[in-house]
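Okay, structure first, notes after.
What follows is calculated from the coordinates using simple rules that are stated; it is not laboratory data. The model shown is predicted, which means the values in this text are computed figures rather than measured ones. Positions of Cβ are backbone-derived with ideal geometry, glycine not excepted, and every protein chain shown enters the neighbour counts.
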Amino acid sequence: MSTQTRASLPELVSYGLAAAGLLLVLQAGLLAALYAGLLVFALVHLLAPRLSATLDTQRARLIAVAVLGTTIVLLLTAIVWGAANFFMSDAGSLPVLLKKMADLIDQSRSQIPPWLAAYLPQSAEAMQQSFAYWIRDHASQATDLGKQMGRLLVHLLVGMVIGAMAALYDTTYIHHYKPLSAALHQRIVRLHQVFKQIVFAQIRIAGINAIFTGIFLALVLPTAGIHLPFVKTMILITFIAGLLPVVGNLISNTVIVVISLSHSLSTAAFALLFLVTIHKLEYFLNAKIIGTQINAKAWELLTAMLIMEAIFGIPGVIAAPVFYAYLKAELVASEQV
């Protein structure tokens, strides 16, 4: 018979503070800062031991980790800046892509079976109106996204700097924590471990998905004489959307199938068949990479995302995989599940 250890008062307080902190992150719109900080923290922890092992003095290790943290922050900032510039350029413009999708649905209506056409907007204008209704229903989030993009970038930058500073302190100093501090540190360590597991695994899955999609769009289709527009944009969308478990594939697949209508209905059907086949194979990969890391099934993540979206909106969808995995990790560690 197994015995469960009773949590001490500092541990119980640390659980409450951790829950309140994560709730505050969502309520105050600090999710981007939290994720940016955790990402830099994880990268420094991953690379710092290999770097420090080659150095003899504490001062040299401190300088090396500081340089490493600064380099990671600069590289991530450059990646975010480059992606933002691409989506604002003529080659990757999202507004142009959405307009193209609306026009394609309108033009291909005669090729679509009547039973399927009944579920589609009546025209490109109707589809654009549907987008407008969606934006109105999510007005507060859309307004924040449009008017406070600068604030979001600042949050990302500040979060990365905080993560680098925290990693510098955590990897170069010997700590002597008191009970509550030790318990809070354990909560942060477990959140960091879960974030590293699920985010790094999801990056690998998104990368594999984008590679297969890129081969299909840039090699297979052109070999068959089919040249689709927005190929680079669709590959990038596939990677970025793939960072969201479950729903990411639905987003990227919808874009690719609709753009495939620019050639023919048969091309769109072929694209859909290819994507479904690839994603079915990827379920085994997903189960191996994600499932073994956090012991969570796709339906668990999807349920968490639905609940979090209903409570917190779009940030809830983004937060759900990590927050749910963290909750499950704490329950497993305390032998509750």
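A few points about this structure:
- The Cα atoms of segment 147-203 give a gyration tensor whose axes a ≥ b ≥ c have a/c of 1.5 or more with a/b greater than b/c, which makes the shape prolate.
- ³J(HN,Hα), Karplus 6.51/-1.76/1.60, whole Hz, each residue of segment 188-201, x for Gly, Pro: 5, 4, 5, 5, 4, 5, 5, 4, 4, 5, 6, 6, 5, 5
- A Förster radius of 41 Å combined with the Cβ-Cβ distance from LEU9 to LEU75 puts the calculated FRET efficiency at roughly 0.45.
- ³J(HN,Hα), Karplus 6.51/-1.76/1.60, whole Hz, each residue of segment 69-77, x for Gly, Pro: x, 5, 4, 4, 4, 5, 5, 5, 4
- With θ taken as phi - 60° and the Karplus curve 6.51 cos²θ - 1.76 cosθ + 1.60 applied, the whole-hertz 3J(HN,Hα) list for segment 233-241 is 5, 5, 5, 5, 4, 4, 5, 5, 5 Hz, x standing for glycine and proline.
- Once the Cα-Cα distance is subtracted from the 0.36 nm per residue extended length, the VAL158 to ILE211 segment shows a gain of 15.9 nm.
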